[in-house]
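Q: My questions all concern the structure below.
The values are calculated or read from the model by the stated rules, or taken from the named source; none is laboratory data. Quick caveat: nothing in here was measured; it's all calculated off a predicted structure. Heads up, the Cβs are rebuilt from the backbone with ideal geometry, glycines too, and the neighbour counts pull from every protein chain shown. SASA here: full protein model, heavy atoms, side chains in, ligands and nucleic acids out. Shrake-Rupley method; radii C 1.70, N 1.55, O 1.52, S 1.80 Å.
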Amino acid sequence: MTKFEALGLNSSILNAIADLGFETPSEVQEKSIPLLLDDEIDLVALAQTGTGKTAAFGFPLIQKINSDSRTTQGLILSPTRELCLQITNEMQLYSKYVKGLNTVAIYGGASITEQARQIKRGAQIVVATPGRMKDMIGRGIIDITKIDYCILDEADEMLNMGFYEDIKDILSNTPKEKSTWLFSATMPKEVATIAKKFMHNPTEITVGAKNSGVDTVQHEYYLVGGRDRYPALKRLSDANPGIFSVVFCRTKRDTQRVAEKLIEDGYNAGALHGDLSQNQRDLVMNAFRKKQIQMLVATDVAARGIDVDDITHVINYQLPDEIETYTHRSGRTGRAGKSGISMVIITRSELRKIHSIEKKIKQNFISKKIPTGIEICEIQLYHLANRIRTTEINEEINNYLPAIHDVLDGLDRDELIQKIVSVEFTRFFNYYNKTKDLNSAEPDRRERGKGKTDQSFSGNGSVRYFINVGERDGYDWMSLKDFLKDTLHLGKDDLFKVDVKDSFSFFNTEAALKDQILETFTDFKVKGRFVNVEVSDSPEGGRRRKRSDRGPRKNKDNRDRDRSYGKKREGKYSKSGSRRSGSKQGSSSGKRRSKNRDGFF
Ligand code: ADP
Ligand code: MG
């Protein structure tokens, strides 16, 4: 008897499980499947993302459905179109040996007639987003008055997205004597309210400790290319409209720069670091406490005293050097019984750090994707609609209403809604319409943590770089190595074969560091001059690439003036783009570049 068989599943499902290659049930499956098969109960199951919740409700649901009847018997509500499709796909795989069982997906942004047609053909299981579901009920296209099972999947996420009213409406169209199964990663107040209001005496199961401090924080990482950190940060913020967060950077300089850039791009952001006066810091902290600032960009030292309770997200713009520091950072959220998310933006070379952190915090990270532009537009749209719905009417506008009615005269309700929503939505849509996917492909999970796996990305173990500084700039191999070591936060063994020529040099690192190095030297300037690093074509570094000397040539005029910039004691090293430190030429070039792509950090 397999472990799945022991849970009470029948042969058609067991066969499908065998095809899927599942060997042992996950904890949430082990706990919920027997309960749900045995009896007609209401269930609240709390388990993090990636723990196999779909099968935990999917297997028992499929087994309990009568596939000889074409009546809709099971309704699964899920927050987004992507999840809807994913669940539908899983359900179809799970039920492939159950003859006559149909699962249909219902979601916005696709033809309603086609979906109506599929429903009409008979769907025992419907997987739906709340918005489209409500719409279809309203039009009488779908009948859920005879369902036996209603599943609320990712309940916390649905409520986050403002679907409370829709869910309430949908549930009011379902029979009283059905079973409701609620699955959620976290248990915020709103989820508890739903459970209390719409469920009868639900059995509660929790996978992993519920309130034991650390477990109230979910850890996520987002793998991006080295140059996409900043645009990734923006997307994470845009995909979480109610975000109230601390964004951690490694240096004061980065902290200041990221904050300035966010402000420039229209976010409610502020910087907190040691170069600010006490007065400035107080101002920033007050604004943060009042939530006038949604993204507080901070260094570790400056953020140490932050005692704000309802921070929703901690974002690690860069990982800290010490693992201990990560624990302090993520502990800023998930306080006072609330749940929180700690996000890490990383490049491939940092994957093994994730592994070390996992060991230390005894919790696994979830690998997540940076939302696509379209996903963000969708989230923003629902958020806006929800905000309109819940906004308190300001009586002060009454005097102006007659005039406003005149302006809007002749628009019907639908048109008016379309226009109101477009005012805000178009801003996001225009920005994200043609943006690229920021996600970097992840190496095979099994290879994570082995350390050297990253090498496969360049085909061999080490990478040779060209850098456009040399003896003329005052370097010998030792001082160049020191400069690189300090700038890149590397150890002395990480850099080798440092070879200094007259006006340029070469050096090597392990391939795993490539992203980090190219990222650091993107738009990197020393006293107004670009210091440019590129991967060298020739393994021995005998010749450089044609474009490689772009930096110094472009800045020829500065050459004599800046001849001595390489000497450490004089160097105030900075990347371009900071309005404070760039030369005139530098900042305008920074601006130009930032327009050309998503951002330039
Ligand atoms: P959740 O809804 O909890 O986030 P999913 O149901 O989406 O998780 O499952 C995550 C992944 O794990 C899916 O790819 C699923 O096919 C797989 N999976 C689920 N259960 C098992 C199992 N018992 N053994 C192996 N893989 C599983
Ligand atoms: Mg799920």
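Q: Quick one: which strands (runs of 3 or more DSSP E) sit completely within segment 24-123 and have at least 1 residues that are touching a residue at least 60 places away in the same chain (Cβ under 8 Å)?
A: 43-46, 74-77
Q: Taking the residues in segment 387-444 that are among the aromatic types (Phe, Trp, Tyr) and in contact (Cβ under 8 Å) with a residue 40 or more places away in the chain as candidates, determine which candidate is most open to solvent (accessible area, probe 1.4 Å).
A: Ranking the candidates gives Tyr431 first.
To keep it simple, each residue is scored yes or no on (1) at pLDDT 90 or above; (2) within 16 Å of ligand 2 (Cβ to nearest atom); (3) in contact with a helix residue (DSSP H, G or I) (Cβ under 6 Å, 6 or more places away or on another chain).
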position: Val126; (1), (2), (3): yes, no, no
position: Ile141; (1), (2), (3): yes, no, yes
position: Asp156; (1), (2), (3): no, yes, yes
position: Pro175; (1), (2), (3): yes, no, no
position: Lys178; (1), (2), (3): yes, no, no
position: Ser212; (1), (2), (3): no, no, no
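Q: Can you confirm whether Gly122 is farther than 27 Å from Gln218 by Cβ, away from ligand 1 (no atom under 13 Å from the Cβ), open to solvent by less than 60 Å² (accessible area, probe 1.4 Å) and in contact with a Phe, Trp or Tyr (Cβ under 6 Å, 6 or more places away or on another chain)?
A: Against the criterion (farther than 27 Å from Gln218 by Cβ, away from ligand 1 (no atom under 13 Å from the Cβ), open to solvent by less than 60 Å² (accessible area, probe 1.4 Å) and in contact with a Phe, Trp or Tyr (Cβ under 6 Å, 6 or more places away or on another chain)), Gly122 does not qualify.
Q: Any residue in segment 287-301 that is under 16 Å from Pro320 (Cβ atoms) sitting within a Cβ distance under 6 Å of a residue that is part of a helix (DSSP H, G or I) and hydrophobic (A, V, I, L, M, F, W, C)? List the pairs, counting only those 6 or more apart or interchain.
A: Going by the 6 Å Cβ cut-off, the qualifying pairs are Val297/Val258; Val297/Ala259.
Q: May I pose another question? Identify all residues within segment 15-59 that are over 17 Å from Thr186 (Cβ atoms), within 14 Å of ligand 2 (Cβ to nearest atom) and of a type in the set (A, V, I, L, M); write none if there are none.
A: Within segment 15-59, just Ala55 meets the criteria.
Q: Just wondering, is there one or more residues in segment 290-306 that are modelled with pLDDT under 85, surrounded by 21 or more Cβ atoms within 10 Å (Cβ to Cβ) and touching a Gly at 6+ places or on another chain (Cβ under 9 Å)?
A: Yes.
Q: Being touching a strand residue (DSSP E or B) at 6+ places or on another chain (Cβ under 6 Å) and either more than 8 Å from ligand 1 (Cβ to nearest atom) or of a type in the set (Phe, Trp, Tyr) (or both) is the filter here; which residues of segment 48-64 pass it?
A: Within segment 48-64, Phe57, Leu61 qualify.
Q: OK, next. With Gln73, Gln115 as the choices, which residue is more than 16 Å from ligand 1 (Cβ to nearest atom), modelled with pLDDT of 95 or more, over 30 Å from Val207 (Cβ atoms) and surrounded by 21 or more Cβ atoms within 10 Å (Cβ to Cβ)?
A: Answer to the check: Gln115.
Q: Quick one: which of Ser78, Ser95 is more than 13 Å from ligand 1 (Cβ to nearest atom), open to solvent by less than 30 Å² (accessible area, probe 1.4 Å) and closer than 30 Å to Gln115 by Cβ?
A: Checking each option against the conditions leaves just Ser95.
Q: Restricting attention to segment 221-268, which residues are free of Cβ contacts under 8 Å to residues at least 12 places away in the same chain and not aliphatic (A, V, I, L, M)?
A: Once the filter is applied, which keeps residues that are free of Cβ contacts under 8 Å to residues at least 12 places away in the same chain and not aliphatic (A, V, I, L, M), segment 221-268 yields Glu264, Gly266.
Q: Hey, could you check segment 143-157 for residues that are out of contact with any strand residue (DSSP E or B) (no Cβ under 7 Å at 6 or more places or on another chain) and either touching a residue at least 40 places away in the same chain (Cβ under 8 Å) or within 19 Å of Leu46 (Cβ to Cβ) (or both) and say which is nearest to ligand 1 (Cβ to nearest atom)?
A: Among them, the one singled out is Glu157.
Q: Return yes or no: is Tyr317 free of Cβ contacts under 8 Å to residues at least 60 places away in the same chain, of a type outside the set (A, V, I, L, M) and closer than 19 Å to Leu233 by Cα?
A: Considered against the rule, which asks whether it is free of Cβ contacts under 8 Å to residues at least 60 places away in the same chain, of a type outside the set (A, V, I, L, M) and closer than 19 Å to Leu233 by Cα, Tyr317 comes out as no.
Q: Name the one entry in Glu90, Glu30, Glu5 that is over 26 Å from Glu157 (Cα atoms), within 15 Å of ligand 1 (Cβ to nearest atom) and open to solvent by 10 Å² or more (accessible area, probe 1.4 Å).
A: So the residue among Glu90, Glu30, Glu5 that is over 26 Å from Glu157 (Cα atoms), within 15 Å of ligand 1 (Cβ to nearest atom) and open to solvent by 10 Å² or more (accessible area, probe 1.4 Å) is Glu5.
Q: Let me ask another. Among the residues of segment 232-251, what is the count of those that are open to solvent by less than 10 Å² (accessible area, probe 1.4 Å) and of a type in the set (Lys, Arg)?
A: Qualifying residue count for the region: 1.
Q: Looking at Ile151, is it at pLDDT 85 or above, over 24 Å from the mean Cα position of the chain (by Cα) and within 16 Å of ligand 2 (Cβ to nearest atom)?
A: When the stated conditions are applied, Ile151 passes them.
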